[in-house]
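Below: one structure, written as structure tokens.
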Amino acid sequence: MNALAIALHGTAATLWIGGMFFAYVILRPSIILLEPHRRLSIWADVFKRFFPWVWMSVVVLLISGYWLVFKAFGGFASSPVYVHIMHALGLVMMALFIYLYYRPYPVYKSSVAAEDWPAAGAALNRVRHIVLINLVLGLLLLVVVYTGRYGLFA
């Protein structure tokens, strides 16, 4: 069962962090030259498709992560340091996503629906900053996990 939890955990993290990397590093520069209304509409469609995957990833990460902490490591007291760092970074990332989803994202969606392009652009900028922070945290988290497992934080 631990192997399944690790596989689910890694897959969920890959989907979320990889999706942010693709959006920020590949898609964003690729559509920057489009007219604002087209670019903003594309992002609205991207978020509509990506955010359900992030929600699924959050649920899977929490369930599989806590399963592993308590079943594979015997609880937080006996978990390695890198697990504590991963846990803290993951919770911060989830909190940022929840904030993004319930605060700037609804403003963005309603601005795009109303074709208020200046307001949509401002809201997208707030979303973009949170995604960048989460992307950096996610990449840092991956470094911690892959190096911590081999003794960097021992």
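The values are calculated or read from the model by the stated rules, or taken from the named source; none is laboratory data. These figures come from a predicted structure and were not determined experimentally. Don't worry about glycine lacking a Cβ; one is built from the backbone with ideal geometry, like all the others, and counts go over all protein chains shown.
Structure data summary
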| item | result |
| --- | --- |
| Lone unmet requirement of (1) over 20 Å from Leu142 (Cβ atoms); (2) among the polar types (S, T, N, Q); (3) within 11 Å of the chain's Cα centre (by Cα) for Thr14 | (1) |
| Meets criteria (of a type outside the set (D, E, K, R) and under 22 Å from Ala3 (Cα atoms)) for Gly90 | yes |
| Among residues of the range 28-45, those that are of a type outside the set (D, E, K, R), surrounded by fewer than 16 Cβ atoms within 10 Å (Cβ to Cβ) and part of a helix (DSSP H, G or I), counted | 6 |
| Some residue of the range 82-96 being in contact (Cβ under 8 Å) with a residue 40 or more places away in the chain and exposed (fewer than 14 other Cβ atoms within 10 Å of the Cβ) | no |
| Pairs, first modelled with pLDDT of 95 or more in the range 23-34, second among the basic types (Lys, Arg), C-beta under 6 Å, six or more apart | Ile31/Arg39 |
| Which numbered condition Leu96 fails, given (1) modelled with pLDDT of 95 or more; (2) over 16 Å from the mean Cα position of the chain (by Cα) | (2) |
| Failed item in (1) at pLDDT below 95; (2) touching a helix residue (DSSP H, G or I) at 6+ places or on another chain (Cβ under 6 Å), with Leu152 passing the rest | (2) |
| Of the criteria (1) farther than 30 Å from Arg39 by Cβ; (2) within 12 Å of the chain's Cα centre (by Cα), which one Met56 fails | (1) |
| Residue within the range 55-74 that is closer than 14 Å to Val131 by Cα, at pLDDT 95 or above and surrounded by 14 or more Cβ atoms within 10 Å (Cβ to Cβ) present | no |
| Ser79 being among the polar types (S, T, N, Q), buried (at least 16 other Cβ atoms within 10 Å of the Cβ), out of contact with any strand residue (DSSP E or B) (no Cβ under 8 Å at 6 or more places or on another chain) and closer than 18 Å to Asn134 by Cβ | no |
| Residues within the range 46-90 that are among the small types (Gly, Ala, Ser) and not in a helix (DSSP H, G or I), tallied | 3 |
